[in-house]
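Comments concern the structure below.
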Amino acid sequence: MKRIGILTSGGDSPGMNAAIRSATRVAISRGVEMFGIMRGYQGMIEGDFVPLDRRAVAGIIGRGGTILKTARSKEFMKPAGRARAHEKVRGAGLEGLVVIGGDGSFRGAYKLSSEFDIPVIGVPGSIDNDSVGTDSTIGFDTAVNIALEAIDRIRDTASSHDRVFFIEVMGRSSGFIALHSGLCGGAEAILIPEVRGELNELAALLKENRRQGKLCNIVVVAEGEESGGAFTIANMIKTLTGLDFRVTILGHIQRGGIPTAADRLLATRLGAAAAEALLDGKRNVMAGVSGNDIVLTPFEQIWDCRKEPDLGLLRLAKLLS
Ligand code: ADP
C-alpha cells in the first residue's frame, strides 16, 4: 500500500485525535501516505480529503473532539451513496481505510469494504463503551472522570441541603458510564438500562435511608434511549416516597475536553495497531484491548453481541452505599 485514509464518524469522543496522530505517524514511518477524510462518510462522498504529514497531527494528542470533524451521513446508508464514496476514495488513490467510530460506523465500513473490496480497520471511539471486542472504548475513561467530578461537586450541595439528587449521565442504551461513575462517586443508587424495574426498591431504599437519618442521597441514572428520563424517574420516586429532589442532567459536557492519560494511551495504542494491521494486510477487523493485549475482532462479531456491564460492580455499589 502507498496511500491510506483515516476518518472519524458518529459521535465524537475525547482521544480520537490521539488515535489520528498515532495512526498517521505509524503509517508515515512505514513509508505510506496518510489522508484525512473530513466529516466522516459525508466527507468521503464529497471527496473532502486532506493530506496528513507528521506536522499536521502535531499538538493534538491532548485535544478533545476530532480535527477531522465528524458527521452522520444518511446518504452513505444507501448503496448509491457508498458507490459515490468509493469513487472518490479510488480517485484519490486510497488503498485502505482506518475508521474511528462506533458500531454504526463499523457497519458502514463493512458494507463499503464488502461492496468494493477495500480493506478497512476500525478503532472504537465512543464515550459509551458499548463496543464488544475491547475492554474500553476511546473516550470512556474521560467521560467517567467528568461525570465523577460532577457527582463529587453535587454531593457537596446534596449534603449541605440534605437532599436527594438524581444525576443523569450519558451512555445511550448502555449503563457503563453510570455504573463506573456512580460506583466511584459513592452513589447511594445507580440505575442502568441493563437492569430494569428497580423503582420500588429505590423508593424503599430512600425511605429507609431517611428513617435512619441519612438525608443526602445521590442517584446516578443512565440516560437510556432519551435524555431527560431522570425527571420521569425522579417524579415517580416522589410519588412513591413523598421526598423532595433535584435533577441534574450532565449532557454533552461529558463528550468534550482534555482526554485522560488512560484515553490517550488507549487511543495511541489502538491508532498504531490499526495502521499496522492495515499495512500488514488485515481487513474488516476492529482493534481493541483485552487485558493488556491488542486484539483484532472481525466487524461481523461486533454487532452480533451486546456488551454487558459487570453486574458484580452494581452489586458491590449497593453493598457499599
Ligand atoms: P456510531 O458509529 O457512533 O455508532 P452512527 O450509528 O450514527 O454512529 O453511525 C455513523 C454513520 O455510519 C452513519 O451516519 C452512517 O453514515 C454510517 N452507518 C451507520 N450504520 C450504517 C449501516 N447499517 N449501513 C451503512 N452505513 C451505516
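The values are calculated or read from the model by the stated rules, or taken from the named source; none is laboratory data. Here the structure is a predicted model, which means the values were calculated and not measured. Note that each Cβ is placed from the backbone with ideal geometry, even for glycine, and that neighbours are counted across all protein chains shown.
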Pairs please, first residue from the range 77-91 and more than 22 Å from GLU33 (Cα to Cα), second anywhere and among the β-branched types (Val, Ile, Thr), Cβ atoms under 8 Å, 6+ apart in sequence or on different chains. GLY81/ILE45; ARG84/ILE45
Please go through the range 1-43 and pick out each residue that is in contact with a Gly (Cβ under 8 Å, 6 or more places away or on another chain), closer than 14 Å to LEU94 by Cβ, in a helix (DSSP H, G or I) and among the hydrophobic types (A, V, I, L, M, F, W, C). ALA23
When the residues of the range 142-162 are narrowed to those that are of a type in the set (Val, Ile, Thr) and over 16 Å from ALA261 (Cβ atoms), which ends up nearest to the ligand (Cβ to nearest atom)? ILE151
Given the conditions (1) in contact with a helix residue (DSSP H, G or I) (Cβ under 8 Å, 6 or more places away or on another chain); (2) in contact (Cβ under 8 Å) with a residue 60 or more places away in the chain; (3) on the phi < 0 side of the Ramachandran plot, every one holds for GLY133 apart from (3)
Filter the range 1-39 down to residues that are more than 16 Å from the ligand (Cβ to nearest atom) and of a type in the set (Ser, Thr, Tyr) and give me whichever is surrounded by the fewest Cβ atoms within 10 Å (Cβ to Cβ). SER29
Members of the range 78-89 that are closer than 17 Å to SER105 by Cβ and surrounded by 15 or more Cβ atoms within 10 Å (Cβ to Cβ): GLY81, ARG82, ALA85, HIS86, VAL89
State whether one or more residues within the range 40-54 are surrounded by fewer than 18 Cβ atoms within 10 Å (Cβ to Cβ), away from the ligand (no atom under 15 Å from the Cβ), touching a residue at least 24 places away in the same chain (Cβ under 8 Å) and among the small types (Gly, Ala, Ser). yes
Where residues in the range 120-141 are of a type in the set (Gly, Ala, Ser), more than 8 Å from the ligand (Cβ to nearest atom) and assigned to a loop (DSSP other than H, G, I, E, B), which of them is farthest from the chain's Cα centre (by Cα)? GLY133
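Yes/no matrix, rows are residues, columns are (1) out of contact with any Lys or Arg (no Cβ under 7 Å at 6 or more places or on another chain); (2) assigned by TED's automatic domain parsing to the domain that holds PRO124; (3) under 27 Å from ASP128 (Cα atoms):
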position: SER13; (1), (2), (3): no, yes, yes
position: ARG21; (1), (2), (3): yes, yes, yes
position: ILE37; (1), (2), (3): yes, yes, yes
position: PRO79; (1), (2), (3): yes, yes, no
position: GLU87; (1), (2), (3): yes, yes, no
Within the range 23-35, count every residue that is over 28 Å from ASP128 (Cβ atoms) and among the basic types (Lys, Arg). 1
Only residues that are within 12 Å of the ligand (Cβ to nearest atom) and either assigned to a strand (DSSP E or B) or in contact with a Cys (Cβ under 9 Å, 6 or more places away or on another chain) (or both): list them for the range 70-119, please. VAL99, ILE100, GLY101
